[in-house]
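Report on one structure; see the data block that follows.
The values are calculated or read from the model by the stated rules, or taken from the named source; none is laboratory data. Just so it is clear, the model here is predicted, and its values are computed rather than measured. Cβ coordinates were reconstructed from backbone atoms using ideal geometry, including for glycine residues, and neighbour counts include every protein chain displayed. The accessibility values were calculated without ligands, DNA or RNA, using every heavy atom of the protein model including side chains. Shrake-Rupley method; radii C 1.70, N 1.55, O 1.52, S 1.80 Å.
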Amino acid sequence: MAGIIRPRSTHSNSITSNPTKQQGQQQQPATLAKRLLFPHLPPGSDLPPLFVSPTCLPELNAEAYDFLALALRAFVNTWWTKITRYDKEFLPEITIVLMTVLRTFETRMISTDFSLFTFSVAPALITQHYRDYRHAASKVSTSYAMGGAVPLPHLFHQLQPHVAISPEGKIDEEYFRQAFDHVLKLCLPPQDYAPEVERYIVREIILKVLVKDVIPRVTQPWFIQRTILDLLGPSLDAESDKPPSVSPPSHNHHAHFSFHSILVFFLSAVQSISGIGLALIQTYKQTLSTIKLVNHSTPPTVNQRRASEPLRTARQAPISPTRSARSVSPPLSSYASAASSTPSLHADIPPPNPQRLFSHYARQPLTMISELFTMHERFATSTVMHTLCMICAATTPFMDRLLTHLLYTRILCASSILFVLRLSKRTLFPNGYPGPPPIDPTPEEQIIIRQQLLRRLREQVPAFLVPVLLGSSPERTIEDIISPLDDAACNMHLAILLVDALLLSIFPEMGVEGSAENADMDIRERLDDDGKDWTPEISRTTSAMTA
């Protein structure tokens with residue numbers, strides 16, 4: 001019997017040991033994206049690339065697939081499993097369509113020069129928002145507002161009329177419904193765009209997320225104020241509220257004054273000076289390296305525009321008359337008329353100027369800063385701003401390259417996109433599933449947030465620069481900075497104009513009326529101010545001083 005039992009035990013050990021070796025060598029836990037989105041892939045194979053760019057990081061591809069799997073499991077699989085529990089092909093089919101859309105959208109974004117939107121369009125819209133808000137606020141309780149009968153949002157709407165928003169700040173969903181339909185027509189494959197049911201479902205999902213959830217929330221004053229607080233970082237109240245350290249009386253200092261105290265003071269001074277010197281050397285080296293990188297880089301303001309012209313021409317060549325007729329140019333063309341109070345946005349579009357080599361990207365940001373801080377109302381700040389404007393005007397070629405270099409290496413880089421994607425995943429799916437909806441702060445909490453923002457903005461300005469930059473009344477100046485963002489209905493106009501400008505930047509044919517010849521026209525030409533002086537208004541400053 002012993003001879004019979006021994007082989008049986010040996011055979012059983014070999015059976016149990018082989019699977020463990022195979023599991024340890026080749027079997028790894030499959031990711032959620034692979035189990036839900038690609039169930040037919042072999043166990044050891046990699047996921048197909050989600051982006052077409054060869055410079056895309058593998059971490060970005062993995063995080064995007066993970067985010068997509070979490071979203072489909074939370075918002076699609078929950079109701080699809082109630083219809084049928086055995087159909088596993090629905091989510092992979094949605095993934096194939098989304099991959100096509102994302103790759104088309106990625107191609108569009110790569111061929112788009114976001115420097116124009118970041119440094120010209122967005123600052124111009126923010127500047128005009130502040131000017132119109134202050135102009136409308138000055139008319140409240142006057143005869144222009146019928147003695148206070150007309151509220152501030154109605155006065156602001158008269159200055160910035162838009163077909164997509166009512167005077168009360170309500171969004172017209174049909175405007176964005178037609179815009180999203182045009183975007184889907186450009187991004188979806190023809191076989192997926194043709195079925196109306198599928199297109200309508202996707203369109204209404206995008207409409208619900210953006211128009212009903214995102215825009216009404218981000219335009220709330222408390223949301224903007226809390227976002228600025230998060231960007232400013234933690235407050236210094238903890239350090240300022242600390243009780244002062246108890247020091248010995250002054251007579252004790254004189255009593256214990258010795259050579260040792262002189263030596264400690266001398267060594268501390270040497271250490272401080274050496275630290276400052278090392279910081280200056282590091283800053284000098286970093287500045288030199290940045291200048292070399294900027295000077296050796298090709299000017300994107302000219303080359304990208306010329307390189308994108310064949311792409312835009314080829315992209316619009318197959319557009320049929322039927323497709324052009326179905327475009328949403330009438331609603332979106334009101335983007336320019338909505339900002340009719342901005343001369344640079346509603347002027348007649350001149351033909352492209354081949355002699356124009358530079359874009360003056362520093363123009364609109366400086367004008368926006370001058371308007372936000374009301375720098376034209378004070379002589380010192382007006383002088384500082386005019387000096388900065390002259391320096392930037394003298395170094396326009398370098399400033400254009402520098403701003404574009406910083407935009408694409410610090411903001412629109414792969415690491416920043418990966419950080420935003422991971423942050424969005426942790427925020428929306430904290431435990432792998434959607435978290436509870438956020439609770440809006442109470443009116444008392446909103447007042448506290450506003451007071452904290454006022455105090456934090458005051459802390460950002462050094463004490464020796466407060467009289468120069470903020471004037472004799474710093475609290476009033478800081479109050480004027482955030483007050484134009486205190487009305488949600490007025491903020492809605494700014495949000496819609498920014499969305500329109502972003503759509504026109506990525507899909508320029510949406511703003512084309514009639515022939516396709518105007519589609520190649522550079523949007524940069526629409527922001528020209530016919531050669532007017534782009535420095536802050538000297539006339540207003542001098543008139544205020546003489547008054």
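What the table shows:
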quantity	calculated
Difference of contour (0.36 nm per residue) and Cα-Cα distance, A62 to T396	116.2 nm
Probe 1.4 Å, accessible area per residue of region 358-400, Å²	41 Å²
FRET efficiency estimate (nearest 0.05) - Cβ-Cβ, I411 to S111, R0 25 angstrom	0.85
Gained length - L428 relative to I276, 0.36 nm times residue gap less alpha-carbon distance	50.4 nm
Solvent-accessible surface (1.4 angstrom probe) belonging to R450, in square angstrom, nearest 10	40 Å²
Mean accessible surface per residue for region 60-104, computed with a 1.4 Å probe while every protein chain stays in place, in Å²	56 Å²
Distance in nm between pseudo-label sites at F266 and L32 (7 Å out along the Cβ direction from Cα)	6.5 nm
Efficiency of FRET from Cβ geometry, T287 and L454, R₀ 41 Å, rounded to 0.05	0.75
Packing-based order for 279-286, 372-379, 455-462, using average beta carbon neighbours within 10 Å, highest first	372-379, 455-462, 279-286
Pairwise label distance in nanometres, W80 with S45, each label 7 Å out on the Cα-Cβ vector	1.9 nm
Distance from region 137-216 to region 49-100 (C-alpha centre basis), Å	29 Å
Carbon and sulfur %, accessible surface of region 50-196 computed with the full protein complex present, 1.4 Å	62 percent
Rounded to the nearest 10 Å², the accessible area of K88 at probe 1.4 Å	130 Å²
Most to least packed among 51-58, 198-205 [average Cβ atoms within 10 Å]	198-205, 51-58
Two-site FRET efficiency, I447 against S166, from Cβ-Cβ distance with R₀ of 25 Å, rounded to 0.05	0.35
Amide hydrogen neighbours beyond the local backbone of S141, cut-off 5 Å, H modeled	G148
Positive minus negative residues near N77 (Lys, Arg vs Asp, Glu; Cβ under 14 Å)	+2
